[in-house]
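Peer 1: This is the structure I want to talk about, given as structure tokens.
The values are calculated or read from the model by the stated rules, or taken from the named source; none is laboratory data. Here the structure is a predicted model, which is why all the values come from computation and not from measurement. FYI the Cβ positions are ideal-geometry reconstructions off the backbone, even for glycines, and counts take in every protein chain you see. In case anyone asks, the SASA skips ligands and DNA or RNA and just uses the protein heavy atoms, side chains included. Shrake-Rupley method; radii C 1.70, N 1.55, O 1.52, S 1.80 Å.
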Amino acid sequence: MISNEAYVLELLQTSGVVTLEDMTACQQDAAINGQSTLESITKRGLLTQEQILEVVAKDCGMEFEADIEHVDEDVLATIPPAESRRYHALPLKRLPSGLRVAIPDPLDFETLDALRYLLKTDLEPVVVPLAKIDQAIIKFFGKTDESLAALMANMDGSELEIKTTGEPGADEGGEGDAPIIRMVYGLILEAHRLRASDIHLEPLEKRLRLRYRIDGNMQEMRDPPKRLQSSIISRIKIMSNISIAEKRLPLDGRIALSTVDGPTLDLRVSTVPTIHGESVVMRILDKKNLMLGLPELGFFADDQAILERVINYADGIFLVTGPTGSGKSTTLYACLNTINKPDRKLITVEDPVEYQLPGVNQVAVNTEIGMTFAAALRAMLRQAPNIIMVGEIRDVETASIAINASLTGHLVFSTLHTNDAPSAITRLVDMGVKPFLVSSSIRAVLAQRLIRKICPDCKGPYTPTEVELRALNLLTANLADARFSKGNGCDRCRGTGFRGRAGIFEIFVVDDEIRHLINEGVPVSKIRQRARDLGMRTLREDGIRKVVSGMTTPEEVISATMSDKD
């Protein structure tokens, strides 16, 4: 496994390892048989692959070892197993100056730079044949549960049925399409197995990059072959009921995947034309999330009690705020699932409808035909519902209708994009809603962020640094009962130390005193301070509780609450 063949051939000839006559003969063989000159050299028995690798390693000033004799197992935790497999690299020993690492290609300087960046240390590379490194990786890290390559090789398409609304026969592929079908099935199945929320296929100049978003972080996977780019994207578009002829405009579609037990997950598909082809993002909507209760979202008992009281009010507005990707929709679905009973009528208007809730009337926004949030909300009120969910309050018209609905005996759920809970008040006022309408309709606002949870399989005790404690305003004297933990990295979490996510929350309840402050038009900073005096915990304070309980790490909370000044 040597990346620069021309350099190697010149080195073998100038060093006298292979004569000019032998080199010429090997080059002629290579041209006739359609193989590389290095392959001809090994087939003629002039040199073995290990001998070629040793010559190149010596020229690069690196050691060569025919096999991996010893590995200090305490250094294995320095590299995630997935990255070890990806780069075919294995740490061997810790040195005063850095880390001794086995690599298969002494000329792959790009991989060496990536490893230095990943491991955050200087490296002393040792050249070892690829097969020996891969054997050692399997020995120390084990085989992956089921690689994408294995899925593509073994799947026959019977595990899933693809449901589309296209014309009959549009989804049927011929025998020549079978490898592409297995590849697309494989990358979707592997993403779901790894708990990914998104699949990103991004055409670059020389590669088709495949990335999964796992626990909120993008992770690169093995790239599909660039030559199959058009076939893979066309296959996804057929499955999504998207026109394969249109490649100039952004397009949207959906895929429904079913197992023998019935529907399990949906994929929302988006394509965007780029200079190197169409970029595809598939959002995985796992229907298991519909069954999540409030404790699974990360609520502690006291916050859960407050929230359950709010969502069982007869009227008023309950808002969930936070940036895109903070789990607002999941929280709203969990709330609706909690209060969805036969004696109540629930209607939602969403853009788009992500999950189909049993027993709930769900309306999709379609601005092209005039079905906006405001238009749908007006029509919903004539359906005599008890509970209404509006996907997002985006303008004063939608806000006014939602407020009027709450004042006429409806319980309204919705979302806003604000950094904290009290700021939702000023956001509505800035839209043009009168303060007295805001104060009389809002029952509570929940701000939230998502943090990664420590992997339970490699979780261990951890002592935070003084810097981390100061960043969270924690005093050592008050931490006698703290259970600080950290993940060491394992196959189950792909070496990250995290598996799964939970929320940190800020619950702002509007009582009579807060209502009075809103009517007076006082700044949001004073409203926030008064809410804290009355017992409201900030996002960071809730995060600190989860750090101390051993659910997550200080870095996660600090990263998620950088805008929290308190």
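Peer 1: For the subset of region 470-494 comprising residues that are in contact (Cβ under 8 Å) with a residue 40 or more places away in the chain and among the hydrophobic types (A, V, I, L, M, F, W, C), which member is surrounded by the fewest Cβ atoms within 10 Å (Cβ to Cβ)?
Peer 2: Residue satisfying both the conditions and the ranking: 479.
Peer 1: Which ones in region 440-449 are farther than 16 Å from residue 393 by Cβ and surrounded by fewer than 20 Cβ atoms within 10 Å (Cβ to Cβ)?
Peer 2: Within region 440-449, the subset farther than 16 Å from residue 393 by Cβ is 440, 448-449.
Correct list: 440 only.
Peer 1: Looking at 108, 113, 72 in this structure, which one is acidic (Asp, Glu) and either open to solvent by less than 10 Å² (accessible area, probe 1.4 Å) or within 25 Å of residue 486 (Cβ to Cβ) (or both)? Show your work before the answer.
Peer 2: Numbers: 108 fails: either open to solvent by less than 10 Å² (accessible area, probe 1.4 Å) or within 25 Å of residue 486 (Cβ to Cβ) (or both); 113 fails: either open to solvent by less than 10 Å² (accessible area, probe 1.4 Å) or within 25 Å of residue 486 (Cβ to Cβ) (or both).
Going through 108, 113, 72 in turn, just one is acidic (Asp, Glu) and either open to solvent by less than 10 Å² (accessible area, probe 1.4 Å) or within 25 Å of residue 486 (Cβ to Cβ) (or both): 72.
Peer 1: Tally the residues that are over 45 Å from the mean Cα position of the chain (by Cα) and open to solvent by less than 80 Å² (accessible area, probe 1.4 Å), restricting the search to region 41-69.
Peer 2: Let us first name the residues in region 41-69 that are over 45 Å from the mean Cα position of the chain (by Cα), namely 41, 43-47.
Filter once more, so that each one left must be open to solvent by less than 80 Å² (accessible area, probe 1.4 Å): 41, 45-47.
Qualifying residue count for the region: 4.
Peer 1: If you don't mind, there's one more thing I want to ask. In region 459-539, which strands (runs of 3 or more DSSP E) lie fully inside it and hold 3 or more residues that are of a type in the set (Asp, Glu)? I'd like the intermediate steps shown before the answer.
Peer 2: On the way: elements: 459-461, 485-487, 498-509.
Because the criterion is at least 3 residues that are of a type in the set (Asp, Glu), no strands (runs of 3 or more DSSP E) in region 459-539 meet it.
Peer 1: Six or more apart or on different chains, Cβ atoms under 6 Å: show the pairs whose first residue is in region 295-309 and more than 14 Å from residue 503 (Cα to Cα) and whose second is open to solvent by 10 Å² or more (accessible area, probe 1.4 Å) and not polar (S, T, N, Q).
Peer 2: Close Cβ pairs satisfying both conditions: 306/507.
Peer 1: Could you list all residues from region 264-299 that are at pLDDT below 80 and among the β-branched types (Val, Ile, Thr)?
Peer 2: Listed by number, the list holds a single entry, 264.
Peer 1: Can I ask one more? Just to be sure I understand, how many residues within region 82-92 are assigned to a helix (DSSP H, G or I) and open to solvent by 10 Å² or more (accessible area, probe 1.4 Å)?
Peer 2: Of the residues in region 82-92, the ones assigned to a helix (DSSP H, G or I) are 82-87.
Among the residues that remain, those that are also open to solvent by 10 Å² or more (accessible area, probe 1.4 Å) are: 82-83, 85-87.
Number satisfying all stated conditions: 5.
Peer 1: Residue by residue through region 68-120, note down the ones that are among the β-branched types (Val, Ile, Thr) and touching a residue at least 60 places away in the same chain (Cβ under 8 Å). Before the answer, list the steps.
Peer 2: Of region 68-120, the ones among the β-branched types (Val, Ile, Thr) are 68, 71, 75, 78-79, 101, 103, 111.
Residues satisfying the conditions are 68, 71, 79.
Peer 1: Let me ask you something else. Only residues that are over 24 Å from residue 84 (Cβ atoms), part of a helix (DSSP H, G or I) and in contact with a helix residue (DSSP H, G or I) (Cβ under 7 Å, 6 or more places away or on another chain): list them for region 184-230, please.
Peer 2: 184, 228
Peer 1: Continuing with this model, one more query. Let me spell it out: the conditions are (1) touching a residue at least 40 places away in the same chain (Cβ under 8 Å); (2) over 22 Å from residue 444 (Cα atoms), and residue 365 meets all of them except one. Which number is the exception?
Peer 2: Result: residue 365 passes all but (1).
Peer 1: Continuing with this model, one more query. Considering only region 293-307, how many residues are on the phi > 0 side of the Ramachandran plot and either of a type in the set (Asp, Glu) or open to solvent by 20 Å² or more (accessible area, probe 1.4 Å) (or both)?
Peer 2: In the first step, residues of region 293-307 are kept if they are on the phi > 0 side of the Ramachandran plot; the result is 298.
Now drop any that are not either of a type in the set (Asp, Glu) or open to solvent by 20 Å² or more (accessible area, probe 1.4 Å) (or both), which leaves none.
Going through region 293-307 one residue at a time, the tally reaches 0.
Peer 1: For residues that are in contact (Cβ under 8 Å) with a residue 40 or more places away in the chain and not hydrophobic (A, V, I, L, M, F, W, C), scanning just region 428-439, find the one that is least open to solvent (accessible area, probe 1.4 Å).
Peer 2: 439
Peer 1: Still on this structure: Does residue 408 qualify as being within 18 Å of residue 521 (Cβ to Cβ) and open to solvent by 10 Å² or more (accessible area, probe 1.4 Å)? Break it down stepwise before answering.
Peer 2: On the way: within 18 Å of residue 521 (Cβ to Cβ): no; open to solvent by 10 Å² or more (accessible area, probe 1.4 Å): yes.
No.
Peer 1: What's the number of the condition residue 38 fails, among (1) in contact (Cβ under 8 Å) with a residue 40 or more places away in the chain; (2) touching a Cys at 6+ places or on another chain (Cβ under 9 Å)?
Peer 2: (1)
Peer 1: Got at least one residue in region 316-327 being within 29 Å of residue 547 (Cβ to Cβ), among the aromatic types (Phe, Trp, Tyr) and modelled with pLDDT of 90 or more? First the steps, then the outcome.
Peer 2: Filtering region 316-327 down to residues within 29 Å of residue 547 (Cβ to Cβ) leaves 318-327.
Those left that are additionally among the aromatic types (Phe, Trp, Tyr): 318.
Those still in the list that are modelled with pLDDT of 90 or more too: 318.
Yes, that holds for at least one residue.
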